[in-house]
1. What percent of all Cα-Cα pairs in the chain falls into each 10 Å bin, going from 0 up to the bin containing the maximum distance?
2. Per residue of the chain, what 222 nm ellipticity follows from adding -39500 (n - 2.57) for every DSSP H run with n ≥ 4, rounded to the nearest 500?
3. In nm², what is the average projected area of the convex hull enclosing the Cα atoms of the stretch 206-305?
4. When DSSP assigns beta bridges and you keep just the ones with both residues in the chain, what percent turn out antiparallel, to the nearest 5?
5. Quick one: which of 299-308, 57-66, 393-402, 317-326 comes out on top by average Cβ neighbours within 10 Å, and what's the full order, highest first?
6. Tilt of helix 336-352 relative to the longest C-alpha principal axis of the chain, in degrees (0 to 90, nearest 10)?
7. Note the full-extension length gain between D300 and H352 as 0.36 nm times their separation in residues minus their Cα-Cα distance, in nm to one decimal.
8. Can you tell me the order of 218-224, 139-145 when each peptide is scored by its average per-residue count of other Cβ atoms within 10 angstrom, highest first?
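Derivation of every value follows stated rules applied to the coordinates shown; laboratory data play no part. From a predicted model like this one, the values you see are computed outputs, not experimental measurements. Using ideal geometry, Cβ is built from the backbone for each residue, glycine included, and neighbour counts are taken over all protein chains shown.
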Amino acid sequence: MRFVAAAAALICLLGACALTGAGPQAVGFGAGGRSVPSVVGLEGCEPAWVGAWHAAAEPAPTDPALAGRTLRMIVVPQATGSQVRVRVSNAYGTTPMTLGSVSVAWSDGAAGLVPDTLRPVAFAGHPDVVVAPGTEAVSDPVSVVAQAGRPLAVSMFLPVAPDVLTRHEVALQTSYLSVPGDASLVDDGAAFDTPVGSWMVLTGVDVLAPRPVNTVVAVGDSITDGVGARAGERWPDALARRLTATGGTAAMSVLNAGISRNQLLAGDAPLTRFDRDVTGASDVVLHIGTNDIAAGRGADEIIDGLVAFARHARAAGVRVVLTTITPSATGAHGTPAARATRDAVNAWVRVHGREHADGVADFAAAVHDPRDPTRLAAAFDSGDGLHLSAAGYRALADALDPGLLTGSPCLADQSPARVLVSGP
């Protein structure tokens, strides 16, 4: 996740900024329209590119069915702004990945697009792009007004299936695959007859917002990824709503970099993917460790891993919050040895975490059963004894003190800041 602005990321909040008009026509989605951001405010708080949506990349085997078809990825930005850029990834590929054409538009809530909102996307002025192995590509700015909470559809034609697919498996969001052919510039959703439950190729959307808003990235495993809940119910989603409700300078962009089955000490561990998922953000919250415990890692190993991550983040100028590990009595997560390891790690976080990080959030205490702290409280259990319900994820968000985070100083200015959209 890379941002151009130094104080990069989320939201142009209502009250701090607004759009001129309520719908796509009112904000100038006419042919040839261009977006002109304008801001009145604090010095250094001019319009900036901010991270509006992010998906942590994972490798997947090639899928021949993608060749000659169009992906339509549905994402919900957390930022409002006058232009967007999209990021496409070939992070795990060993050969170049070609996108024949790309577009962005407002989603109609299914596979179709809101009329007159579709815009082609260019990369360095070209309608197609070749993404080298192990890299990503960031598009040119596109004149589409993004609104926080309103879904966007990013359509990408794949002439050839990538040899290794970069995707995010657990999207909790329905996207679509087309019948054979390039349907990237088609409003109608009829061609997109195959729903898919993962985000593929697309890993980010940035927005040109009237004022910079700092970003906090949530890094973790399936509990951060939101398994057990539905779209919009992950704890980072609940945290975003909480910061927005708090308002003022507390508001931040909350981007989700959770990966199901992720471990602190193995595989695509948080430290190994730091540059891709965290660099450019102002804050990071790390909630991880339950899978390391299930894999037999000891408390000292996990504590050393937390310290190493916190040290790296702070050296990079990123404020870091560590959390305790949520309880589980299920399978390898709930053996007597696992409970002892989790208790030891959590005791260390509570007592010593602040010596290495900028803050601590006691996630375990927020959701455990008061009669048996080794288990999730019934109301917070999704049903499998490990993952949380929507209420449980809200409890995690409520356990994080907004005062531990950097916030967004530019939102101290309450004077009007509007995204202005002119005609041709």
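1. Spelled out per bin, shortest first, that is 5, 23, 31, 25, 13, 3, 0.
2. Only helices count here, giving -5000 deg cm²/dmol.
3. Details: hull surface 29.4 nm².
Taking the Cα atoms of the stretch 206-305, their convex hull projects to 7.4 nm² on average.
4. Working: 57 of 78 bridges.
Of the beta bridges lying entirely in the chain, close to 75 percent run antiparallel.
5. With the highest mean Cβ count within 10 Å placed first, the list reads 317-326, 393-402, 299-308, 57-66.
6. Once rounded, the angle reads 80 degrees.
7. Working: separation 52, 0.36 × 52 = 18.72 nm, distance 1.31 nm.
So the extension gain works out to 17.4 nm.
8. Ranked from most to least packed, the peptides come out as 218-224, 139-145.
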